[in-house]
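Everything on this sheet refers to the single structure shown next.
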Amino acid sequence: MSQRQIVQVFEQYQKARTQFVQTVADLASRPQNIEPLQSAGVMQLLRPMLMDAVPTIQQTAAVALGRLANHNDDLAEAVVKGDILPQLVYSLAEQNRFYKKAAAFVLRAVAKHSPQLAQAVVDCGALNALVICLEEFDPAVKESAAWAVGYIARHNGELAQHVVDAGAVPLLVLALQEPEVSLKSIAASALSDISKHSPELAQVVVDAGSIAHLSHLVLHDDPKLKRQVYSALSQISKHSVELAELVVEAEVFPTIFKCLKDPDEYVKKNVATLIREIAKHTPELSQLIVNSGGVACLVDYIGEGKGSVRLPAIMALGYIGAHSETLAMAIIVSKGVVQLTIALSEETEDLIQAAIAWSLGQIGRHTPEHAKAVAQANALPCLLQLFLDTNSSEDLKTKTKKALKSILSRCVHLPALEPLLHDAPPTILKHVVGQFSKVLPHDAKARRLFVTSGGLKKIQEITAEPGSVLQEYIQAINSCYPEEIVRYYSPGYSEKLLERVEQYKPNIS
């Protein structure tokens, strides 16, 4: 056999390997092919190809493994059990940029599924190799490494601490300053995943100078980047007053409010989340949001949105309104209560309805003026309806009941309370009757109106336990009227009158 024929055999073998690995990589990109590939033992066949003499075969084998592992945790587990990870980590330090990108993709695909699989990636020494990749000149390698690091960090604080200990945070902050938008976006996402777990981890991210660079990107044109920037700032802000103040000091207000009208739903939601995380801490931070025009923007956003996207804004109004009566009044003046009531009637999801009920309770609980604003927006019947609805969750019933009690305890606007006399169950009714018992003794006009509207008649129809608080309230109301008026509106009194008519013998002379 000639030398040319011998070479031809090797060329055919290489060509067959190349064709096989490329075909497998293509097949692995379609979900319907995953199970047949797994049944055919594809993992065992791909493993030796990671150490192939031909670089393109190595890279394509890594891409194929990444696609398979990305599909489900069983295949990711197979990558771990097949001792493939140590090979990938070893090659990360040795191979070219194309292979590094593909290998980081496999690590990310394995780590994303569970804390256990992410821990397996950490245990094989991948973090140090990934951090070295973050220092690469090639932006695609940095991007792939940053993505893998973020997927490891997102599961829990312990894994995020491993990422911090490996020295990834300063390099991720540097990546924020690179010109490539996708790299900035993934770096911001990874910083968000690290920050979310604890104040200590968020402090590490802040100490690396991240806030200044993130705040410069809040008005960037790219929606995916803005989503991650606002997410990262939210995760930093949520932990403590000090961290929230650092974000505010970066002069994000009022700049970010215009992004509540961004075309991208997730950008808007993440902006509202950031406002919520800042507002919840102190009255001073909430006052800053009010002074910057933030409340009106939040109210508009709630009016324009639907479903879960408006949840953070709803809660932000609740936090702002909870701090003080002045802040709650700012929400009322901005038509916030009206908009929350409209949203309450529109929404069907328990979680969102419960958040609205909580926010209305926080706003209306301060003074009679606040409670009147909530009552005039027709919020009380909506809250009562949800409380009585058998389909409402326990959490929603608890939130609506608490909101009703806190608003009713301040409400002296009787026209808004009167419809509740007819519909409220005993647990709520005693609070409604209690408010009438406080107002009627001091207001002659209200006493007259209470009679003509049928309120006094309704009071007489209420059955109360002797000696109960409700019984005391009813007696206090009845004492505001002449005895014959109370008797006249008592149940059965008309029958007694008719009996007297029947028994009456006229004196005919």
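Exactly one residue out of GLY209, GLY305, GLY293 is under 30 Å from THR341 (Cα atoms), over 19 Å from the mean Cα position of the chain (by Cα) and either among the aliphatic types (A, V, I, L, M) or open to solvent by less than 40 Å² (accessible area, probe 1.4 Å) (or both), and it is GLY293.
SER234 meets all of the listed conditions (1) at pLDDT below 95; (2) within 24 Å of LEU311 (Cα to Cα) but one, namely (1). Among residues of the range 2-37 being of a type in the set (Ser, Thr, Tyr) and in a helix (DSSP H, G or I), the one that is nearest to the chain's Cα centre (by Cα) is THR23. Between a residue in the range 417-439 that is on the phi < 0 side of the Ramachandran plot and any residue that is at pLDDT 85 or above and surrounded by fewer than 20 Cβ atoms within 10 Å (Cβ to Cβ), which pairs come within a Cβ distance under 6 Å, given they are 6 or more apart or on different chains? From residues that are on the phi < 0 side of the Ramachandran plot, the pairs are HIS431/LYS405; SER437/ALA476.
Rundown of residues vs (1) within 23 Å of LEU386 (Cβ to Cβ); (2) open to solvent by 80 Å² or more (accessible area, probe 1.4 Å); (3) outside any helix (DSSP H, G or I), yes/no style:
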residue: ARG410; (1), (2), (3): yes, yes, yes
residue: GLN435; (1), (2), (3): yes, no, no
residue: LYS438; (1), (2), (3): no, yes, no
residue: LYS458; (1), (2), (3): yes, no, no
residue: ILE485; (1), (2), (3): no, no, no
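Check VAL469, VAL374 and return the single one that is surrounded by 23 or more Cβ atoms within 10 Å (Cβ to Cβ) and among the β-branched types (Val, Ile, Thr). Matching residue, one of VAL469, VAL374: VAL374. Criterion applied to LYS405, LYS401 was being touching a His at 6+ places or on another chain (Cβ under 7 Å), in contact (Cβ under 8 Å) with a residue 12 or more places away in the chain and among the basic types (Lys, Arg), and the one residue passing it is LYS405.
The helices (runs of 4 or more DSSP H) falling completely within the range 273-392 that include 2 or more residues that are hydroxyl-bearing (Ser, Thr, Tyr) map to 336-346.
State yes or no: is ALA120 in a helix (DSSP H, G or I), among the aliphatic types (A, V, I, L, M), out of contact with any strand residue (DSSP E or B) (no Cβ under 6 Å at 6 or more places or on another chain) and open to solvent by 10 Å² or more (accessible area, probe 1.4 Å)? Criteria met by ALA120.
Please verify whether THR60 is within 30 Å of ALA166 (Cα to Cα), among the hydroxyl-bearing types (Ser, Thr, Tyr), modelled with pLDDT of 85 or more and in a helix (DSSP H, G or I), treating the condition exactly as stated. Criteria met by THR60.
The values are calculated or read from the model by the stated rules, or taken from the named source; none is laboratory data. Bear in mind that the values here come from a model prediction, so they are computed numbers and not experimental data. Backbone-built Cβ (ideal geometry, glycine too); neighbour counts: all protein chains shown. Accessible surface areas use protein heavy atoms only, side chains included; no ligands, DNA or RNA. Shrake-Rupley method; radii C 1.70, N 1.55, O 1.52, S 1.80 Å.
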